[in-house]
Amino acid sequence: MSSASTRRRVPVVLEEATAAGCLFLLTLITLTNVLVRYLTDESIAWTEEISVFLMILMTLAGAAAAAGGDQHIRIEYFYESGSPQRRRMLRIFGAVVTALVFAVLAALFARVVADEIKWQETSMGLGVPRWWYTIWVPLLCGVIALRALSVAWMDARVLEAPTPTPGPGSAP
């Protein structure tokens, strides 16, 4: 149970696939825009709008995958210098703080989406409703918060479980 992949209860394949798909589309759109600009001296203006959306979506999907696998960055000096019990407590603390931050972000971005719907804001490039892009931000922030809470929950359950004592003849 020491590695992040063995602690993972729910696979993060969906988040990883979303991030990879966004990266693929972002590369394809950028390459197309560069080729069109090279061949025609004109740029496809709306591609920037789609590219920004894909970068945000890719970042949040990657953050959700990292949160689900307890792979966020940490200060290794404090983490590695402690006992396994301390490491678990630090993982729980970090996961709970991450969950709180992203839950607050989800609530704040939900207000932004509500305002965009209320005021019927449209995007500058394509003229589509802006909430088509921003609705994904509070949803993915909520996914990140849930993934972080699942890490905290699994580590807290390990704290509660009794540790077996090695019996005679068992390997250390």
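Bear in mind these aren't lab numbers, they're just calculated from the coordinates by the rules spelled out. Quick caveat, the model's predicted, so the values are computed rather than measured. With ideal geometry, Cβ positions are generated from the backbone for all residues, glycine too; neighbour counts draw on all protein chains shown.
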If R0 is 45 Å, what FRET efficiency do you get for Trp46 and Val96 from their C-beta distance, rounded to 0.05? 0.65
For segment 4-160 the mean separation of alpha carbon contacts under 8 Å (6+ apart) over residue count, i.e. relative contact order in percent, is 30
Any idea how far the Cα center of segment 126-163 sits from the one of segment 83-121, in Å? 7
For Glu121, list long-range residues whose amide hydrogen, built 1.01 Å from N in the peptide plane, is under 5 Å from its own amide hydrogen. Arg130
To the nearest 0.05, the calculated FRET efficiency linking Thr27 and Leu159 through their beta-carbon distance, R0 being 35 Å, is 0.20
Among Gly62, Gly142, Gly21, which one moves the most in a GNM of the chain with springs linking Cα atoms closer than 10 Å? Gly21
Using a simple spin-label model with points 7 Å from Cα along the Cα→Cβ vector, what separation in nm is obtained for Val13 and Trp132? 3.1
One finds, for Ser81 and Leu39 with R0 = 45 angstrom and r their Cβ-Cβ distance, a FRET efficiency to the nearest 0.05 of 0.20
Helix 84-118: angle to the longest alpha-carbon principal axis of the chain, degrees 0 to 90, nearest 10? 30
Theoretical gain in end-to-end length, Arg74 to Ile117 [0.36 nm per residue, Cα-Cα removed]: 11.7 nm
Highest mean first, what order results for 116-127, 91-102, 75-86 on Cβ atoms within 10 Å? 91-102, 116-127, 75-86
Once all Cα-Cα distances of the chain are split into 10 Å bins that start at 0, what whole-number percent is in each one? 9, 27, 27, 19, 11, 5, 2, 0
